[in-house]
Each structure stands twice: as structure tokens, then as C-alpha cells.
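Here's the structure, in C-alpha cells; my notes come after.
The values are calculated or read from the model by the stated rules, or taken from the named source; none is laboratory data. Computed from a predicted structure; not experimentally measured. Ideal geometry is used to build each Cβ from the backbone, glycine not excepted, and the neighbour counts take in all protein chains shown. Note: accessible area is taken over every heavy atom of the protein model, side chains too, but ligands, DNA and RNA are not part of it. Shrake-Rupley method; radii C 1.70, N 1.55, O 1.52, S 1.80 Å.
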Amino acid sequence: MAERVAIILAAGVSSRMNTQLAKVLHEVCGRPMLAYVLDACREVEVGKMYVVVGYGTEQVREQFGDADDIVWVQQDEQKGTAHAVLCCKEHLGDFEGETLVLCGDGPLIRATTLRTLIKEHEAGQSAATLATAILDDQNGYGRIVRDAYDNIQGIVEDSDCTPEQLAIKEVNPSYYLFDNKILFEAAEKVKPDNVKKEYYLTDALSLIIATGHKVVAVTAVRPEEAMGVNSRAQLSEASKIMQRRIQKELMENGVTIVDPDNTWIDIRAQIGQDTVIEPFTYIHGEVEIGQGCRVGPFAYLRDGTVLKNGVVLGVFTEVKNSTLSDGVRVRHHSYIGDAAVGRNVNIGAGSITANFNGKKVNQTNIGDDCYIGSGAVLIAPLELKNGSHIKPGTVVSQEEIDKFGRES
Ligand code: UD1
Ligand code: CA
């Protein structure tokens, strides 16, 4: 088996996103776009990933910097995708093996597609293989131009297409696998002869074909995975597609999602069997939900929420950075932040943890089998012993408890 590396292009400025943030850091269902691309590479045993960064380098490195399978490559001026590849020359110029080239703005990529690409490439002993997609709306993508025998002749960028080429439905999602030596030889020969005056990686492919090397285009990408995110509208579309994937997997794992279109679940969330997610639930961040829970409608679960088994979380309830043990019930209009709630606790309507005192966020610990009446304000930091009974409408502070033992 050939040794394999990946070059991931992520240096672009992204004028179409109209953003100060590096494009690849924009999130899709809770993770930056680049994270998905890196993970897809990791799944197909890529040794090292050379990530080409330029615009917002510091921001990007700060988020991913400590991964030891990433080599950061700087591209100071964004002169095009072939130029970006050439920036890796000092690392990869002499490398003999396979090089995947992918874009950091393609979060919908899946490892299975990369596996198909690798299989076809190795079976065909090709110089380059690319995975293509057939789209209903091919606008904006490079078009795959084939000859009468269906062999790929080259890729023509949208802005350089003739009217006939514009009608081609087969596009380039930018998933390529190259013989590394051939890639660098061709990239060096690319000229910026196009409307945008950029050095196009797609031209490197045409050059490889023109030199007589074997290049294969396999239609292996489903339309919904082909999307590159160039605008905020595409970011939201990509998020929708990813959301469907996340929910499909959860449902396969035994989670009921009553109304998938009106539910939002972060990719980092874990949800156990026979839990029911009611409509208008929003789950954001690292959230862990056990088995047999009922969440929503209109629940908001934030980072650090852990619901053990059989927890009931009702309407207009927000939970953040808190653990709710087995059998806890918080049915209506509550806020639970920075709390540890013991088993079988009932938290009445409108009760909240007042976890922020204007300076600092404080912790609330509630023992097992407590009853918190409606409209209670639990001022943190606070410890409630097992079996505490808080009357409806009470404002509870540690000082009061220590003084009067107000738990009754
Ligand atoms: C590119 C492809 C196009 C394909 C589409 C799929 C080229 C010339 N075109 O077009 O055929 O259909 O992707 O989404 O390759 N980048 C750099 N340095 C640069 C320029 C770009 O790192 O100098 C990075 C960008 O950050 C981005 C990726 O390369 O992640 C692709 O660049 P982008 O400008 O988005 O290319 P597209 O026009 O989308
Ligand atoms: Ca793009």
C-alpha cells in the first residue's frame, strides 16, 4: 500500500462570506468546517495533513494547533489553488506516494467517498483520480469536460466556461488523489491564463492529461456531499444537510425525533436509546443525554449538559453545564446552570439557579430526592442536602440555610 498524505487548502480570503473570521472556522452544526475535512482524512489513514493557511492563520492554528498529525503551511498571498499546493513543496517535493488534495470549505465530505477514490486510483494505477458529482444546480463549480469516449479531458472553471460547457452537469467537488511527484511537476507548470488570473489546480489536471498520464474521473460523490461553502447561504444549506445526517444516525441508534425539521442537534451531542426529543428543541455543544429521557418541546440544552437516564425536561427549560441525575424532572420554564442535581429531584415551574452574581459563576449542588417548589430562586453557591424541601416562591441562599435551616 502506498504511503498517503493530504494537502488541505484553507488559505482563501472568502470575500463572498463577508467575514473577518477565517472561512474554514465557520461552524456547521457545532464544529468548524475544517474539522470535518481533517476527520474524513484521518478515517482513511492519512499519515500527515498539510493544511495551507493564509487568511486568519492565527485563528485557525489556535483552534487546531496541537494536533500532531497536522503540518501548517503558510501561503501569504492567495494566488490560487495550484499555488497553494506548491506552498507545500518544501515538505512534499520529494515525497513518493499518494497525495489527497481537498478543500477546507467542503465539510460534507465523507470518508466512504475518499475510500472509493483511493480504491479506484490504486486499481487504475492512475496518475490522478478525482471524484465528481452530478448536480441539478451546477452553478459556480468547475465543470468536468469529457471526450466522445467519456474520458476526462479537463476541468473548466465556471467563469471560464463556454455556453456549452456551462450546461455540463458533472462538476468538480475538489476531491482529488494524485501521484505526488506528478502533482508537483504539473502544478509548477500552471499559468494564470484565466478570467481570475489565478493559478488553478484544475489546470494542473489538464496538464497531467496532456502529458499522456492516466487521469480518471469517477462519479462517486452524492449531490448533497459536493457542496463547497462559499457564502453564508451555502453555509446554512450545508448545515441543513449535516443536521439531517446527525438526526438520521441518532434515529438509527434508537432516538425518537418527533419533528426533525424543527429540531437542532449539535454533532457533538450523544443521545441514548428510547429518548424522545420533542419539537423545537435546540441542543448545542457537548451534551450527553442518557436513555429513556424526554426532552422538550422548546428545550435549550447547552454545552456541558449531562442528563442521566429517565430525565424529563419540559417546555422553555434551559440547561447549561449541569448534570441531572436519573429521574430528575424539570417540566416547565426553568434555568439550570452550573448545577449538579441528584436523583429523582423535582424542580417546579419557573425555578432557576441564580448562578451568576455579577462577577463570578457559581455552582449549585442539589442532593437526591429534593423537592424544589415552583418559582424558587436558588442563589449559588448553594448546597441542598438530600431530601430538601423548598417551598414554592422561596429565594434560597446558603446564608439563610445555614442560619435558619430553611429547608423544611
Ligand atoms: C474550487 C475549484 C472548482 C470546484 C470548487 C468546489 C479551483 C480552481 N476550482 O473552486 O473547480 O468546483 O472548488 O468547491 O480549484 N485556497 C487557498 N489558496 C488560494 C486559493 C484558494 O488555500 O490561493 C483554498 C480556499 O480557502 C478554499 C479552496 O482553496 O478552501 C478552494 O478555493 P475557492 O476559492 O473556494 O475555489 P472555488 O471557486 O470554490
Ligand atoms: Ca469553494
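Brief remarks follow.
- With a cut-off of 20 Å on the backbone N, the residues of region 327-371 near the modelled label site 7 Å out from residue 386 along Cα-Cβ are 327-329, 340-347, 364-371.
- Subtracting the Cα-Cα distance of residue 288 and residue 356 from their residue separation scaled by 0.36 nm leaves 22.1 nm.
- Here the extension length gained between residue 66 and residue 13 equals 16.7 nm, from 0.36 nm per residue of separation less the Cα-Cα distance.
- For region 1-78, the solvent-accessible area with a 1.4 angstrom probe is 46 square angstrom per residue.
- The magnitude of the dipole of region 184-266, with charges of +1 and -1 set on the Cβ of Lys/Arg and Asp/Glu and taken from the Cα centre, is near 280 debye.
- By accessible area with a 1.4 Å probe, ligands and nucleic acids excluded, highest first: order of 266, 402: 402, 266
- Using a Förster distance of 41 Å, the FRET efficiency for residue 261-residue 122 (Cβ separation, nearest 0.05): 0.50
- Using a Förster distance of 30 Å, the FRET efficiency for residue 237-residue 115 (Cβ separation, nearest 0.05): 0.75
- Kyte-Doolittle mean at least 0.5, axial Cα span of 15 Å or more - DSSP H helices of the chain: 33-43
- Cross-link check: pairs 308/360; 79/248; 189/240; 196/248 evaluated at a Cα-Cα cut-off of 29 Å; pairs beyond the cut-off: 79/248; 189/240; 196/248.
- Think of the chain as a dipole: +1 on every Lys or Arg Cβ, -1 on every Asp or Glu Cβ, centred on the Cα centre; then among 100, 186, 56, 56 lies furthest on the positive end.
- For region 168-221 versus region 229-263, the gap between their alpha-carbon centres in whole angstrom: 33 Å
- Potential lengthening of the chain between residue 230 and residue 274 amounts to 12.0 nm, from the contour at 0.36 nm per residue minus the alpha-carbon distance.
- A Förster radius of 51 Å combined with the Cβ-Cβ distance from residue 27 to residue 94 puts the calculated FRET efficiency at roughly 0.85.
- Computed about its Cα centre, the charge dipole of the chain is approximately 1040 debye, with only Lys, Arg, Asp and Glu carrying charge at their Cβ.
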